[in-house]
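Readers should treat all values here as calculations from the given coordinates under stated rules, not as data from a laboratory. Treat the numbers as computed from the prediction; the structure is a model and nothing was measured. Here the Cβ is made from the backbone with ideal geometry for all residues, glycine too, and neighbour counts use every protein chain on show.
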Amino acid sequence: MSQHIVLAIMLLVVALVSVVSVVRQLKFKNFFALGFSAISALSFGFFSIATIIQVLKNAM
């Protein structure tokens, strides 16, 4: 179980860095990088939240 929560936290950190990248790319008007940043923020965010929910469900 502890491995999974560490994985979820790492995925969440990557998602947060991707969100920062989205904001920076909006400022620079770099739409190609903005697309990749947005896709990575959504995917890493989804998997981190899904992993956290799964760990919490298994803990009960």
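Given the choices (i) 1.83; (ii) 1.32; (iii) 1.13, Cα Rg over 2.2 N^0.38 Å derived from the coordinates of this structure is entry (ii).
Per-residue 3J(HN,Hα) values for the range 44-60, derived from phi via the Karplus relation 6.51 cos²θ - 1.76 cosθ + 1.60 with θ = phi - 60°, read 5, x, 4, 5, 5, 5, 5, 5, 5, 4, 5, 5, 5, 5, 6, 6, 7 Hz in sequence order (x marks Gly and Pro). Using a Gaussian network model of the chain in which every pair of alpha carbons under 10 angstrom is joined by a spring, one finds that among Leu42, Leu11, Leu26 the greatest mean-square fluctuation is at Leu26. For Met10, Met60, the sequence from fewest to most other C-beta atoms within 10 Å is Met60, Met10.
Using the rule -39500 (n - 2.57) for each DSSP H run of four or more residues, divided by the residues of the chain, the 222 nm mean residue ellipticity is -33500 deg cm²/dmol. Can you tell me the 0 to 90 degree angle between the C-alpha axis of helix 2-28 and the longest principal axis of the chain, rounded to 10? Approximately 10 degrees, to the nearest 10.
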